[in-house]
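Peer 1: What follows is a single structure, and I will ask about it in a moment.
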Amino acid sequence: MFDTFSLVHVAAYIGAGLAVGISSIGAGIGEGYIAGNANIAMMKQPKSNDILLRTMLIAQAITETGAIFALVIAMLLLFGGSIVTDAGWQRIASLFGAGLVMGAGSLGTGLGIGYAGGQACQGIGRQPRESKVLTANMLIGQALSETSAIFALVIAMLLLYSTPDGNSIVKSFAFIGAAFAMGFGTFGPGFGIGIVAGKAVDGISRFPKQSSVLVRTMFVGAAVAESTSIYSLVVAFLLIFVA
Amino acid sequence: MSEIVRAAALLGAGLCMGMGALGPGLGEGFTAGKACEGIARSPENAGLITRTMLVGQAVSESTGIYSLVISLLLIFAV
């Protein structure tokens, strides 16, 4: 019943479920927050409804990317990852880890990008004339937040395709450890950078003349918040290739 | 040393860095967000606010660096 060949499939299917399941939480909450704020802004500024609808859809599309990464990884796990004839424990661990890292990795960015998008919609409701500056700043902030999800995608791809096969229990646990490090490690930076971007957009909408100093502060703050995500990436690389 | 000890150390390294990066990242982002809010309200104090933001973030970063050190120790020293 529990031969390794079945366990490879078990790990791939659990990983696929974890990837899409966890990542959808962030994307769903984030997109809902954007839409809610867009509706409130439309209530205040019914004349700018076309700009608001456009901003809402752009922000929601970017929020969706984390969930789409997870969907791709889940599809690879379901149809591409588990097709191996002689698999060992390392393959089991790496397939489970790939799902976990992508699911947990896009949770924080989904929430963060959603927060930035919601603040941008709120800001356009306050200052419809500044919509271009607000949208541009929102997109920059969301791109910064997205980097964490891209790190998670890189680790998931490495776990799927570049890990050596074998039966070493040490290496298997190292792969799961790498997935935990990168998966949970992206939650804080992803959400945190989203908060920075959201507050910067909020500030620009209130005081449009200060946009340059606000963008500068946003970049500095986001770079510091990003550092822990890079530590996680380093530890995950070490666990995959060195340990 | 038995295999399972080394395996547990590596899993622990991953858990340590993962959970350890969660707090600092979120906290530093919140700090920078509030700094942006503060600069928007009183732009003449931008230099002071940025300095305070960086000091606060450095303190917040310390736990992330502890996690990094512990996970490197778990990978290479245990």
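Peer 1: Considering only segment A:99-109, I want to know if a residue exists there that is over 16 Å from residue A:183 (Cα atoms) and buried (at least 16 other Cβ atoms within 10 Å of the Cβ). Full working, then the answer.
Peer 2: Of the residues in segment A:99-109, the ones over 16 Å from residue A:183 (Cα atoms) are none.
No: zero hits.
Peer 1: Among the listed residues B:9, B:21, identify the single one that is assigned to a helix (DSSP H, G or I) and at the interface with chain A (Cβ under 7 Å from one of its Cβ atoms). Before the answer, list the steps.
Peer 2: Working: B:9 fails: at the interface with chain A (Cβ under 7 Å from one of its Cβ atoms).
Testing whether each residue is assigned to a helix (DSSP H, G or I) and at the interface with chain A (Cβ under 7 Å from one of its Cβ atoms) leaves just B:21.
Peer 1: Could you identify the single residue in A:174, A:197, A:236 that is of a type in the set (A, V, I, L, M) and at the interface with another protein chain (Cβ under 7 Å from one of its Cβ atoms)?
Peer 2: Details: A:197 fails: at the interface with another protein chain (Cβ under 7 Å from one of its Cβ atoms); A:236 fails: at the interface with another protein chain (Cβ under 7 Å from one of its Cβ atoms).
Just one listed residue meets the conditions, A:174.
Peer 1: Say whether the condition of being more than 30 Å from residue B:63 (Cβ to Cβ) and within 26 Å of the chain's Cα centre (by Cα) is met by at least one residue in segment A:194-202.
Peer 2: Initially, segment A:194-202 is screened for residues more than 30 Å from residue B:63 (Cβ to Cβ), giving none.
Within segment A:194-202, none of the residues are more than 30 Å from residue B:63 (Cβ to Cβ) and within 26 Å of the chain's Cα centre (by Cα).
Peer 1: Quick one: count up the residues across segment A:155-167 that are surrounded by 17 or more Cβ atoms within 10 Å (Cβ to Cβ) and under 15 Å from residue A:89 (Cα atoms).
Peer 2: Here the count works out to 3.
Peer 1: Which ones in segment B:63-78 are among the small types (Gly, Ala, Ser) and at pLDDT 90 or above? Break it down into steps so the answer makes sense when it comes.
Peer 2: Narrowing segment B:63-78 to residues among the small types (Gly, Ala, Ser): B:64, B:67, B:71, B:77.
If the condition is that a residue be among the small types (Gly, Ala, Ser) and at pLDDT 90 or above, then B:64, B:67, B:71 are the ones that fit.
Peer 1: Kindly evaluate residue A:209 against the criterion of being over 18 Å from residue A:27 (Cα atoms), part of a helix (DSSP H, G or I) and more than 7 Å from chain B (Cβ to nearest Cβ). So that I can check it myself, show each step before the final result.
Peer 2: Working: over 18 Å from residue A:27 (Cα atoms): yes; part of a helix (DSSP H, G or I): yes; more than 7 Å from chain B (Cβ to nearest Cβ): yes.
So residue A:209 passes the test.
Peer 1: Going residue by residue through segment A:178-197, is there one that turns out to be surrounded by fewer than 18 Cβ atoms within 10 Å (Cβ to Cβ) and touching a residue at least 12 places away in the same chain (Cβ under 8 Å)?
Peer 2: So the first thing to find is which residues in segment A:178-197 are surrounded by fewer than 18 Cβ atoms within 10 Å (Cβ to Cβ), and the list is none.
Among the residues of segment A:178-197, not one is surrounded by fewer than 18 Cβ atoms within 10 Å (Cβ to Cβ) and touching a residue at least 12 places away in the same chain (Cβ under 8 Å), which makes the answer no.
Peer 1: Another question, then. Search segment A:53-71 for residues that are outside any helix (DSSP H, G or I) and pair each with any residue that is modelled with pLDDT of 95 or more when their beta-carbon atoms are under 9 Å apart and the residues are at least 6 apart or on different chains.
Peer 2: Cβ pairs passing all conditions: none.
The values are calculated or read from the model by the stated rules, or taken from the named source; none is laboratory data. Predicted, not measured: the structure shown is a model, and the values here were computed from it. Positions of Cβ are generated from backbone atoms using ideal geometry, with glycine treated the same way; all protein chains shown enter the neighbour counts.
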